[in-house]
Structure formats: C-alpha cells, structure tokens
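Before any comments, here is the structure.
The values are calculated or read from the model by the stated rules, or taken from the named source; none is laboratory data. This structure is a prediction, so every number in the text was calculated from the model and none was measured. Positions of Cβ are generated from backbone atoms using ideal geometry, with glycine treated the same way; all protein chains shown enter the neighbour counts.
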Amino acid sequence: NIAFNPELNDFDNIAAALNPPPYNHEDNVIALRILELKNSKIFGEEGYDVSQAKYDFDEYYRNIILDIGKTGMEAYITAEAYRSMNKELENKRGALVGVSMDEEMSNLIRFEHSYNASARMINVMDEMIDIIVNRLGRVGR
C-alpha cells in the first residue's frame with residue numbers, strides 16, 4: 001500500500017526555496033535539485049538501489065511498463081494457444097464420438113423401407129411359386 005505523509009498537505013511547512021524569506025525571491029535551487037534527482041541513476045534491476053544504479057526514474061518506470069506489457073502479451077498468447085488446442089481437441093472428440101441423431105434417424109427409416117420392400121418381394125415370389133406348384137396341376141408333363 002502506498003500512503004502519503006499528511007504533512008505534505010501543509011503548504012506552509014513545505015520548503016519551496018532554499019533561502020528563508022525575504023531572500024528567497026526567485027530561488028529555484030530546490031526545484032533544480034529535484035530535477036537533478038529525477039535524472040539521477042538511482043534504480044537497479046529490483047528497484048531503488050544506489051549501489052546497483054543503472055536507471056533514472058523515467059527509464060525504470062518505462063521498464064516496469066514494458067515488463068507488464070510483455071507479461072500480459074505472454075499470458076494472452078498462452079491463453080490463445082490453449083483455446084486453439086481446446087477447440088482442436090473438441091473437434092477430434094466430436095469426430096470420434098459424433099453421432100448425428102438426424103442422420104441416424106434418416107438411415108434407420110431408409111433401412112426400414114429397404115427391409116419392407118425385400119419382404120414384399122419375397123412374399124410375391126412365394127405366392128408365384130405356390131401358384132406354379134400347387135394350382136397349375138399336372139399340365140405340361
């Protein structure tokens with residue numbers, strides 16, 4: 001958690017100039033020191049570390065933003081890869097197990113009609129043989 005010192009809200013106690021009044025007119029020494037501090041290399045790889053100083057404030061902040069962006073992009077790419085792999089596995093599972101109820105029902109009806117047609121043909125053949133053998137008698141011997 002980051003918290004600010006409440007004394008920073010008391011503008012009467014903040015040193016705006018290095019010299020006390022009335023000699024502080026147009027005194028910008030403190031502002032120049034703050035600028036110098038801003039441009040000083042006081043950050044290392046792990047944060048504020050004067051002994052390992054490589055970066056000034058802007059460079060260190062830029063590196064933090066780049067790291068966050070890089071981590072976010074890696075997470076996005078990984079998530080996309082897993083989504084793609086999941087979709088591919090779902091498609092393969094569907095190809096192995098995939099039974100279309102509509103297709104199965106239409107095949108069942110088609111096979112039923114074929115069976116009925118074959119049964120009618122056998123009945124017709126049976127009747128024809130019965131007529132030839134039993135009803136025509138001894139004609140033609």
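Below are the figures for this structure:
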| item | result |
| --- | --- |
| Any chance Tyr60 is at pLDDT 85 or above, outside the structural domain of Ile14 (by TED's automatic domain parsing) and among the hydroxyl-bearing types (Ser, Thr, Tyr) | yes |
| Any pair with Cβ under 9 angstrom, 6 or more apart, that starts in region 25-44 at a residue that is over 17 Å from Tyr60 (Cβ atoms) and without any contact (Cβ under 8 Å) to a residue 40 or more places away in the chain and ends at one that is surrounded by 14 or more Cβ atoms within 10 Å (Cβ to Cβ) and of a type outside the set (Gly, Ala, Ser) | Asp27/Leu18; Asn28/Leu18; Val29/Leu18; Ile30/Leu18; Arg33/Leu18 |
| Filter result (of a type outside the set (Phe, Trp, Tyr), more than 34 Å from the chain's Cα centre (by Cα) and under 30 Å from Phe43 (Cβ atoms)) within region 55-113 | Asp56 |
| Some residue of region 121-137 being on the phi < 0 side of the Ramachandran plot, loosely packed, with under 10 Cβ neighbours inside 10 Å, without any contact (Cβ under 8 Å) to a residue 40 or more places away in the chain and in a loop (DSSP other than H, G, I, E, B) | yes |
